[in-house]
Each structure stands twice: as structure tokens, then as C-alpha cells.
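Visitor: Can you read through this structure? Questions will come right after.
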Amino acid sequence: MGRAEERRARQRGGRRAAPQRSSGSEAGATAVIAPPEGGGRAAARAAAKAGGKKQQKSQKSFLRRLFTWKKILGTFFGVCLLGMGAFIVLYLMIDIPKGNPEATQESNVYKFSNGKIFARTGDTNREIVELEDVPKQVQLAFVAAENKTFYSDPGVDFKGMARGVFNTLSGKGKQGGSTITQQYVKNYYLTSDQTVTRKLNELVISLKLEREESKDYILAGYINTSYYGRGAWGIQAAAQAYYGVDAKDLDVAQGAYLAALLQAPSQYDLSTATETGKKLVTARWNYVLDNMVEMEDQTKLTASERADLKLPKPKEPQAAPDMEGQNGYLVVAANNQLARQLVANDAADNIEEAKTKIDAGGWTVTLNINAKKQAALEKAVKERLTSKLDPKKRKVDKHIQAGAVSVDPKTGKVVAMYGGVDYVKHFTNNATRRDYQPASTFKPVILAAAVDENAETQDGDPITASTVYDGDSRHKVTDDGTAVGFAPPNEDNVDYGDVTVQTAMNKSINSVFAQMGVDVGMEKVMEVAGKLGMDTEGMEAVPAQTLGSMGASPLEMAGIYATLDNHGKKVTPTIIASAEHRDVEVEFPEPIGEQVISVEAADTVTSVLTGVVDDGTAKTSVRDNPARNGQQVAGKTGTSDENRSAWFTGYTPNLVTSVGLFGEDMSKNGKHVSMYNALGVPRVNGGGFPAQIWATYTFGVMGKTTKFDLDTKQGAAVAPTLSPTPSVKPSETPSETPTTDEPSSEPATTPETTPETTPETTPEETPSTTPEETPSGDAGGIEFPTNPNDPQVDD
């Protein structure tokens with residue numbers, strides 16, 4: 001080996017020993033040369049490295065053979081094809097499911113006549129609106145906030161989906177960047193579960209939905225199913241919750257705020273947000289509007305217009321309206337009328353089906369209830385009645401229930417209703433219940449029938465306001481000279497002798513109207529009652545009905561008197577102004593109907609009823625009320641047998657209100673009980689607390705003073721003649737007994753002078769029988785009117 005070769009060998013660290021040259025004397029012999037010092041370890045290392053290099057070279061060669069570019073590309077395309085195949089299978093297997101019922105579950109919304117919401121029913125505060133009912137700029141605020149490419153993208157953000165899947169698999173939490181379509185799919189068809197399966201379903205359904213539905217359909221679904229905070233689901237509920245307006249009335253600044261809210265509803269509520277939250281939502285609001293400016297070709301929002309906008313502060317959060325107080329009574333009354341109308345319109349086969357449709361939600365029901373009059377009626381009941389009840393002092397006080405209805409006679413609108421102390425405490429609506437007797441408030445119906453039918457007395461004399469009848473208690477009612485087996489007592493069994501019809505109405509003399517009913521013909525009386533608005537189905541046309549022994553409600557009586565007030569033109573009280581639902585169209589009939597009795601008949605009754613107020617049983621509470629201010633009033637009191645109910649139904653030219661007080665023992669399944677000694681008075685008469693409630697309410701809301709425009713020459717309002725036309729033999733002895741608003745204990749023996757000239761006294765009210773709490777009937781906890789053939793005692 002030459003020197004150069006030896007040097008290279010040494011440089012390689014002795015990895016290979018160079019052969020040594022042999023001596024010349026020993027030619028042909030093999031020489032054994034000792035390695036230099038340390039040469040053994042170096043050689044070993046060299047050999048190991050050489051072997052490692054060979055192994056690495058061998059491995060690289062294997063990998064090169066295994067991962068060629070052709071194989072890598074082939075594998076990539078194979079995976080892609082496999083993924084595509086799997087996706088195609090998923091696409092074919094996954095259908096668009098039915099939406100979650102909860103995602104579109106709506107409440108029913110109830111509004112006063114001024115548009116203010118007073119109640120919602122249902123578990124979800126949502127009211128779905130059509131996209132066309134949302135201003136275009138507000139629609140686009142949501143697009144700018146969530147998905148600027150919404151109108152051009154395929155409905156899926158693949159990058160965002162990939163990021164979401166990765167984050168889910170790596171445990172990094174929720175994904176971001178979903179499109180509006182994906183968010184709607186999640187809201188309506190799926191859940192918020194963060195799983196790969198859910199995300200794949202979301203992807204497929206979103207793509208399919210984009211193919212089957214329009215962008216407007218998807219956007220409408222998105223804004224109606226999203227949660228905005230404050231318990232508000234959907235843009236309509238959110239608009240009301242934050243700004244007190246309907247979605248159609250939102251402006252662009254308000255819409256941008258609602259769109260910004262969706263990112264973090266609780267954190268971004270300006271009314272309750274922390275300082276950090278306020279900064280975040282302000283930044284988000286600005287982000288939405290800046291995006292809208294970028295989308296100016298769609299949003300029509302210019303930079304200068306955007307610069308003028310200020311973040312609109314929402315109103316303070318309010319508790320969701322519920323069914324407490326009077327709300328529940330109003331809602332139930334409205335639902336009952338709506339259900340009847342759905343059946344009438346063939347939108348439902350029966351009442352039960354109609355109520356099921358209503359309970360399903362989605363209704364916006366605007367009532368005719370006037371918020372101010374409603375508040376005034378509630379205040380009047382509290383001031384004149386409920387604040388004076390003391391069950392601890394008087395056990396009977398806990399059994400007193402009140403109901404009232406107020407109607408505009410020119411339109412038929414129910415402008416106020418009092419159903420009871422509180423719907424959640426007393427579910428029965430006292431304003432619409434029909435299980436108590438209206439008592440003497442029915443007497444004007446008899447007179448209306450008499451005048452309308454041109455009826456005559458037994459002696460052939462026309463029945464007018466000045467016609468004279470025998471007013472003695474238990475006077476035997478006759479028909480063509482034959483007793484009919486009915487002789488009702490007057491209150492306190494008072495004999496009045498011969499009295500005019502006007503005085504008989506003023507004093508509510510039972511014997512006179514019992515005979516008048518027979519003179520007219522009870523069939524005719526009940527027919528006229530039906531025309532005026534009373535539900536007479538199943539009622540017997542018997543003389544006892546003249547005392548109001550049937551069942552009736554304050555709503556019913558208010559309708560009857562409204563028809564009288566409206567000069568005989570039928571008034572059907574209606575509590576609903578409109579009822580709207582996207583799937584059902586409801587048309588309501590006109591509340592004002594045809595002429596059902598003559599103008600003369602209606603106006604004669606009105607004229608006569610002014611005497612009840614000015615000189616009869618209602619004068620103390622109504623005539624002398626300092627708030628009356630000269631207002632002309634007509635009305636009638638009523639107190640039923642055993643003092644189980646007491647009424648005053650009265651009216652002015654512009655307002656009719658019926659007030660009823662009822663004795664009801666809730667501890668005995670609603671048994672009817674007497675009201676003797678309630679509120680510290682011996683007997684609760686119609687001219688007492690009911691008339692006081694009426695006067696406080698009516699004179700508080702009536703506005704300017706008005707007078708009746710009457711087409712009649714009869715009755716107290718037009719100063720009836722001083723010379724009555726007798727129909728029976730008058731008594732021979734004149735009487736000096738003055739006219740009173742409640743019956744005196746002494747009998748009258750002569751016809752009265754005119755109400756205008758008669759002096760008055762007010763005797764103590766004394767019950768005719770011992771107070772007791774015995775119901776007139778009981779059936780499953782609900783009492784029905786007593787036998788109409790039984791005599792009744794009334795005021």
C-alpha cells in the first residue's frame with residue numbers, strides 16, 4: 001500500500017488497516033504486523049459506522065420504493081374517492097327531518113285596544129312573523145352580522161365545518177363560522193350537541209335545504225327560531241321585549257342591535273350588561289353596521305347614514321305578562337268568543353276542536369278592552385267593595401263575588417270587564433257566568449215587549465208608562481178573569497195599592513210586572529228577551545220568569561240594555577277586535593245588527609228607567625253622586641230571592657255597564673249562598689254596592705255630560721202625565737206615604753203623584769227572612785237557577 005493510501009486509512013480512523021510491506025529475507029512468508037497503539041477501538045468504531053450507513057441506505061431505498069409519487073397520489077385520490085363515496089351515501093341516507101315542534105312553538109299574544117300586550121299564554125314566548133313583515137334593512141342586518149355571503153353561498157362553510165370537526169375531536173370546544181343556513185338547521189331540525197355526527201347531519205341537511213327552499217324561507221326561519229334573551233324567541237318577541245314595538249316597526253339601528261344580540265344574548269343586554277359586556281355589544285353593533293355599509297348595494301345603507309346612527313338603548317326588562325289578576329278572565333273570555341267564531345266560520349267542527357287550535361299557539365288577539373276604562377273599573381270595584389270586605393269580622397264577606405261588563409252601545413265593543421278578585425284564585429269569570437238570577441233587571445224587558453207588541457191590559461187599555469196596575473203584594477195574577485196560580489210577594493211583602501207602570505219600575509214592584517207579563521203573553525216576553533240578546537234556549541215561558549228567575553250574566557244583561565240604549569238596534573257585545581294567525585283567517589260579524597224592537601219601545605224603556613235613577617231604588621247611589629255633573633242616566637236594580645245576587649245595570653247615551661254581586665261559598669264547590677249582613681248591611685241590594693261601583697266607574701270615565709235623544713212621549717225622562725190611565729179599580733183611600741227608593745213597611749193605598757214631585761225618604765233595609773246560606777240548587781258543585789215557577793222576592 002502506498003503512503004497516500006495509508007494516510008487515507010488513518011484519516012478514516014483506522015476503519016480499514018492498510019497491509020504492511022514484508023522483509024526481503026522472508027520472501028513468500030505471511031507477515032503479522034501489530035496495529036499501532038489504540039488502533040483496535042478505532043477500527044471497531046469504523047466498522048460499526050460503516051454497517052449503519054449500509055442499513056440506512058437500505059431503509060431509504062425501501063421507503064423510496066414504498067412511497068413513490070405515484071403511490072402517494074394514488075392513495076390521496078383513493079381517500080378522496082372514499083370520502084366522496086361515504087358522503088354520497090350519507091347524502092342519500094340523510095333526509096331533511098321534521099322540524100322540532102319546540103323550535104316553532106308559539107305563545108298566544110293578547111293586546112288591549114291600544115296595541116299594548118297585557119298577556120301571553122304558552123310556555124314559549126314566540127310569535128312567528130312572515131319575512132315580508134320585517135323591514136328589508138333589518139333582514140340584512142342579520143345577514144351582515146352572521147353570513148355576508150348568505151345570498152351567494154351554498155349554505156355551508158366548509159372551512160368552518162372542518163375547523164368545527166377538528167375542534168370537537170381535539171376537545172377545543174365549539175366551532176365557529178357556521179352559515180345562517182347551518183344555524184337555522186341546528187335550531188329547527190337538530191340540537192346544539194357538539195358531536196361529529198350532529199355536524200355531519202347539519203352539513204347534509206343544510207345542502208339539501210338550500211336545494212329545496214329559498215333563501216328567504218331560510219332567513220325567515222332563522223330569525224324566527226333564534227333566541228334573543230329576555231325569554232324572547234324569534235324577532236317579534238324580541239322586538240317587543242327590547243323596544244316595545246312589533247318587528248315591522250323596527251328601524252335599522254334597532255335591527256342591528258337585535259342581530260348583534262344573537263352572539264351572546266345575556267351578556268349583550270345593555271340594560272343589565274357589565275362594562276365589558278357593553279363594550280363588546282357596542283363593538284358588535286358597529287361591526288354589523290360596518291358590514292352593512294360594505295354591502296351597500298343590498299342594504300342601501302350609506303356611510304353617511306351609518307355615521308348618524310346611535311346605538312338605541314332598549315327598555316328595561318319586564319316580567320312576562322301572565323294570567324294573574326284580570327288578565328286570565330280577559331284571555332278566557334276572548335278565547336271563548338274566538339272558538340265560537342272558528343266553528344261559525346267552519347274553521348273547526350266543534351268548540352273542542354276550535355279550542356285545541358287556539359291552544360296550539362300562534363294567535364295575536366287584539367281585544368276591544370280600553371286599558372284606561374279597564375283600570376277604572378278595577379279601581380271602582382276595589383274602592384266600593386273589595387277594600388271593605390272583612391272576612392275575619394264577618395264570615396259572609398268571604399263569599400262575596402263581583403262581576404261587571406262595560407259596553408259601548410254604538411259599536412258593541414266590550415271596553416272593560418271585571419271577572420273576579422284574581423283569575424289564579426277564582427277561575428270562574430263572574431262577568432260571563434250564567435248561573436245567578438238577574439232578578440228585577442229583567443223587568444225592563446217586559447215593558448219593552450209590552451210597548452213593542454202594543455199590548456193591552458186585561459181591561460183592554462194600552463200598556464204605557466202611565467197605565468195603572470194593582471201593586472199589592474201577592475196580588476193574584478189573572479188571564480181573562482181566571483187566576484193563573486201565581487201571586488208573587490213584593491219585597492218585604494209591601495202593598496202599594498194602585499200604581500203607575502213608571503212607579504212600579506221605580507220601586508221594582510213584583511206584582512205589577514207579573515200581571516203585565518201575562519197581559520203581554522209570556523211567549524212574547526221571552527221572544528223579545530231573545531231578540532234583545534238573552535239566551536232563552538230551554539227557558540219556560542211562565543209568569544215566574546217576570547221576576548228574573550232565569551240565569552243570566554253581566555255580559556248578557558249589558559247586551560240587552562245596550563240594545564235598548566241603541567234605540568232597539570241589536571247590540572251583540574264583542575270582546576275581540578281582531579284575531580290573527582298565519583294559517584287561519586277569522587272574520588267576525590258586525591256587533592251592531594238589525595232593528596229588533598221598535599225605536600219607540602226601546603226609547604220608552606230608557607225614559608222610564610231614568611226614573612229608577614232619579615226617584616227609585618238607585619237614587620241614593622247614582623242620582624246624588626257628586627261626580628254625576630248632570631249626566632242623564634237610565635238603569636235598573638235587582639236583588640234575587642234569598643239575597644243570593646244583587647245587580648245594577650245602567651247606561652248613559654255612550655256607555656252601558658252591568659254590575660253583579662254574587663254569594664258563592666268556594667269551600668262548598670261554589671254553592672250559592674245568601675249575602676245577608678255582608679259588609680255590615682242587613683241586605684245587599686242592587687241599589688247599594690252594585691250601583692255605587694257603577695257610579696264610581698261610569699262618572700269617572702264618561703267625559704262630557706250627555707243627554708238621551710229619545711223618540712217617545714212616555715216615561716220619567718219626558719215628564720209623564722199626572723193623570724194615569726187606570727186598568728184596575730183604584731183604592732178609595734188616598735195615602736200620604738212618600739215615595740222611597742226602597743219599599744216601606746207601610747202599604748200604599750192610592751196612586752202616586754209624579755216622581756218629580758214626590759218627597760223621598762230612605763228606610764232601613766231589612767231582610768224579609770232570616771239570613772241563611774242555603775243554595776237554591778246544587779248539581780256537581782254548580783248551582784242552577786231555581787224553579788221559575790217558584791215566587792221570588794226582589795227589590
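Visitor: Considering amide H positions built from the backbone, and no H for Pro or chain starts, which residues 5 or more places from ASP479, or on another chain, come under 5 Å of its amide H?
Guide: Residues meeting the amide H criterion: VAL484.
Visitor: Also: Using the Karplus curve 6.51 cos²θ - 1.76 cosθ + 1.60 with θ = phi - 60°, work out ³J(HN,Hα) for each residue of the stretch 494-501 in order, rounded to whole Hz, and write x for Gly and Pro.
Guide: 7, 9, 9, x, 7, 9, 6, 4
Visitor: Right, here's the next one. For ALA416, which sequence-distant residues (separation of 5 or more, or a different chain) have an amide H within less than 5 Å of its own amide H, given hydrogens modelled in the peptide plane?
Guide: ASN370, SER406
Visitor: Order by neighbour count: GLU146, GLU527, fewest other Cβ atoms within 10 Å first, most last. Present the calculation step by step, with values, prior to reporting the outcome.
Guide: Working: GLU146 22, GLU527 16.
If I rank by nearby Cβ atoms, fewest first, I get GLU527, GLU146.
Visitor: What list do you get for ILE223, ILE592 if you sort them by fewest beta carbons within 10 Å?
Guide: Numbers: ILE223 28, ILE592 17.
The order, fewest Cβ neighbours first, is ILE592, ILE223.
Visitor: If we count every other residue with Cβ under 11 angstrom of GLY533's Cβ, Lys/Arg +1 and Asp/Glu -1, where does the sum land?
Guide: Details: positive: LYS531, LYS570; negative: ASP535, GLU556.
Spelling it out: positives minus negatives among the neighbours equals 0.
Visitor: With θ set to phi - 60°, apply the Karplus curve 6.51 cos²θ - 1.76 cosθ + 1.60 along the stretch 600-608 and write out the HN-Hα couplings as whole Hz, x wherever there is a Gly or Pro.
Guide: With coefficients 6.51, -1.76 and 1.60, one gets 4, 5, 5, 6, 5, 4, 4, 4, 5 Hz.
Visitor: Please give me the summed charge of the neighbours of ASP349: other residues whose Cβ is under 15 Å from its Cβ, Lys and Arg +1, Asp and Glu -1. Spell out each step's value before the answer.
Guide: On the way: positive: ARG340, LYS355, LYS357; negative: ASP346, GLU352, GLU353.
Around ASP349, the surrounding residues sum to 0.
Visitor: Is the stretch 543-668 rounded, prolate or oblate when judged by the Cα gyration tensor, a ≥ b ≥ c being the square roots of its eigenvalues, rounded requiring a/c under 1.5 and prolate requiring a/b larger than b/c? Each step should come with its number before you reach the end.
Guide: Details: a/c = 1.74, a/b = 1.27, b/c = 1.37.
Oblate, because a/c is 1.5 or more while a/b does not exceed b/c.
Visitor: Let me check I've understood the local charge: for ALA376, count other residues with C-beta under 14 angstrom from its C-beta, Lys and Arg +1, Asp and Glu -1. What total comes out?
Guide: Values: positive: LYS372, LYS373, LYS379, LYS382, ARG384; negative: GLU378, GLU383.
Once positives and negatives cancel, what remains is +3.
Visitor: Determine the distance separating the Cα centre of the stretch 217-263 from the Cα centre of the stretch 106-147; give it in Å without decimals.
Guide: Computed from Cα coordinates, the inter-centre distance equals 7 Å.
Visitor: Further, regarding this structure: Using 0.36 nm times the number of residues separating ASN350 and ASP290, minus their current alpha carbon distance, what extension gain do you get? List each step's numbers first, then the result.
Guide: On the way: separation 60, 0.36 × 60 = 21.60 nm, distance 5.45 nm.
Value of the extension gain: 16.2 nm.
Visitor: So, one more: Could you list THR706, THR179, THR637, THR536 in order of exposure, starting from the residue whose Cβ has the fewest other Cβ atoms within 10 Å? Each step should come with its number before you reach the end.
Guide: Values: THR706 14, THR179 23, THR637 31, THR536 19.
With the sparsest Cβ surroundings first, the list reads THR706, THR536, THR179, THR637.
Visitor: Over 29 Å between C-alpha atoms is what I'm after, so list which of LYS111/LYS410; LYS199/LYS300; LYS524/LYS619 land there.
Guide: LYS199/LYS300; LYS524/LYS619
Visitor: Then there is this: For a quick check: with amide H placed at 1.01 Å from N, whose amide H comes under 5 Å from ILE576's, ignoring anything fewer than 5 positions away on the same chain?
Guide: Correct list: ASN368.
Visitor: Need one number: nm distance between label points at ASP249 and ASN114, each 7 Å from Cα along Cα→Cβ, rounded to one decimal.
Guide: Computed distance between label sites ASP249 and ASN114 equals 1.2 nm.
Visitor: Follow-up. Which ³J(HN,Hα) values, rounded to whole Hz and listed in residue order, are derived for the stretch 549-559 from phi using the Karplus coefficients 6.51, -1.76 and 1.60 in 6.51 cos²θ - 1.76 cosθ + 1.60 with θ = phi - 60°, glycine and proline given as x?
Guide: 8, 7, x, 7, 10, x, 4, 5, 5, 4, x
Every read-out reported here was derived from the displayed coordinates using simple, explicitly stated rules and does not represent laboratory data. Keep in mind that what you see is a predicted model, and the values were worked out from it rather than measured. Quick reminder, even Gly has a Cβ in these numbers, built from the backbone with ideal geometry, and neighbours come from all protein chains shown.
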